[in-house]
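*Asks:* Below is a structure I'd like to ask you about.
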C-alpha cells in the first residue's frame, strides 16, 4: 500500500505520454486534435450530467476522493505494535497507562475499539458498532468510486452525441459543395469520440478502479484491527494478539492480490 502514490504518478506519466504520442505523431499537425466545440460538447456535457445526477455534497467529496489516490495509507504494522503494547499494559493491570496510550492514538477507528475493550464492553456490542463504522466507510467510498464510474459512462455518450451533431452538420452541407464546412463538421464528429474515449478510459475509469482497490484494502486492514481489539477484550496475551494479527495481514493481502 505504501506504493500507492508512486503507482499513481507513474500511471499519470504514462497516460500523458500516450496522449502526447497520439497528438504529436499520429497526424501531420497536433492542431488537428484541438477542437473547442468538441471539447465543450464532451467535457461540458459530462459535467452538466454529473451535476444533474449527483447531490452537491457528493460532488464536493469527489475532490477529496481524487486527492486520496495520491496518498499512501498508514502502515498497519505501526497500529499492530500499538495494540500489542496496550495489550501488554492491560494484561499487567496498568489501566491508567493503557488509557493514556489509547488517548494518544491518531487512528479514530482503533482508538474507539480499544476504548470499548478496556471498558469491558461486551464483544457483541463492539462487533456491532465497529462493523457499522466499517460499513459506513464502504458506503461512502463506494459512492465516490461510483461517481467516477458514471463520469466514465457519460464521457463516451457525449462523445457520441458530438459525433451525431457533426454528422448532421456535414450532411447538411453536402449539397452546397463547401468542402471547408464539410471538413469542419466531420472533424467535430470524429474528435468528440476521441475526447470521450480518452476521458473515460484514461482518466475516469482508472480513478474509479484505484478508489475501489483502496477501499478493499482499507476494509481488510480495518478488519485486522478489529480482530486485535476483540482478542484484547477476550483477554488474549500480547504474543497471541501479535501473531494472530500478522497472520491475518498476510491472509488479507494474499486475497486482495489474487
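*Asks:* Please verify whether region 170-190 includes one or more residues that are farther than 30 Å from residue 19 by Cα and surrounded by 14 or more Cβ atoms within 10 Å (Cβ to Cβ).
*Replies:* yes
*Asks:* Could you tell me whether any residue of region 113-127 is modelled with pLDDT of 90 or more and under 22 Å from the mean Cα position of the chain (by Cα)?
*Replies:* Scanning region 113-127 turns up no residue that is modelled with pLDDT of 90 or more and under 22 Å from the mean Cα position of the chain (by Cα).
*Asks:* Exactly one of these conditions fails for residue 201: (1) free of Cβ contacts under 8 Å to residues at least 40 places away in the same chain; (2) surrounded by fewer than 15 Cβ atoms within 10 Å (Cβ to Cβ); (3) assigned to a helix (DSSP H, G or I). Give me its number.
*Replies:* Residue 201 satisfies all of (1) free of Cβ contacts under 8 Å to residues at least 40 places away in the same chain; (2) surrounded by fewer than 15 Cβ atoms within 10 Å (Cβ to Cβ); (3) assigned to a helix (DSSP H, G or I) except (1).
*Asks:* Is it the case that residue 60 is part of a helix (DSSP H, G or I), at pLDDT below 85 and within 25 Å of residue 149 (Cα to Cα)?
*Replies:* Considered against the rule, which asks whether it is part of a helix (DSSP H, G or I), at pLDDT below 85 and within 25 Å of residue 149 (Cα to Cα), residue 60 comes out as yes.
*Asks:* Now, a different point. Among residues belonging to region 63-84 that are more than 18 Å from residue 222 (Cα to Cα) and either in contact with a strand residue (DSSP E or B) (Cβ under 6 Å, 6 or more places away or on another chain) or part of a loop (DSSP other than H, G, I, E, B) (or both), point out the one that is modelled with the highest pLDDT.
*Replies:* Residue satisfying both the conditions and the ranking: 69.
*Asks:* Continuing with the same structure: Just name the residue that is nearest to the chain's Cα centre (by Cα) out of those in region 45-57 that are in a helix (DSSP H, G or I) and free of Cβ contacts under 8 Å to residues at least 12 places away in the same chain.
*Replies:* Only one residue tops the list, namely 57.
*Asks:* Would you mind telling me which numbered condition in (1) without any contact (Cβ under 8 Å) to a residue 40 or more places away in the chain; (2) buried (at least 17 other Cβ atoms within 10 Å of the Cβ) residue 109 fails?
*Replies:* (1)
*Asks:* I've got another one for you. Quick check on my filter: what residues within region 85-100 are at pLDDT 90 or above, within 11 Å of residue 235 (Cα to Cα) and either surrounded by 20 or more Cβ atoms within 10 Å (Cβ to Cβ) or in contact with a strand residue (DSSP E or B) (Cβ under 6 Å, 6 or more places away or on another chain) (or both)?
*Replies:* Scanning region 85-100 gives a single hit, 87.
*Asks:* I'm checking my understanding of the structure. Among residues of region 1-43 that are under 30 Å from residue 71 (Cβ atoms) and outside any helix (DSSP H, G or I), which one is modelled with the lowest pLDDT?
*Replies:* Here the answer is 1.
*Asks:* Criterion first (surrounded by fewer than 15 Cβ atoms within 10 Å (Cβ to Cβ) and within 21 Å of residue 213 (Cα to Cα)) does residue 149 satisfy it?
*Replies:* No; evaluated as a whole, the condition is false for this residue.
Rundown of residues vs (1) part of a loop (DSSP other than H, G, I, E, B); (2) in contact (Cβ under 8 Å) with a residue 60 or more places away in the chain, yes/no style:
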| site | (1), (2) |
| --- | --- |
| 117 | no, yes |
| 121 | yes, yes |
| 131 | no, yes |
| 148 | no, yes |
| 190 | no, no |
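The values are calculated or read from the model by the stated rules, or taken from the named source; none is laboratory data. If you're wondering where the values come from, they're calculated on a predicted model, not measured in any experiment. Every residue, glycine among them, receives a Cβ derived from its backbone with ideal geometry; neighbour counts consider all protein chains shown.
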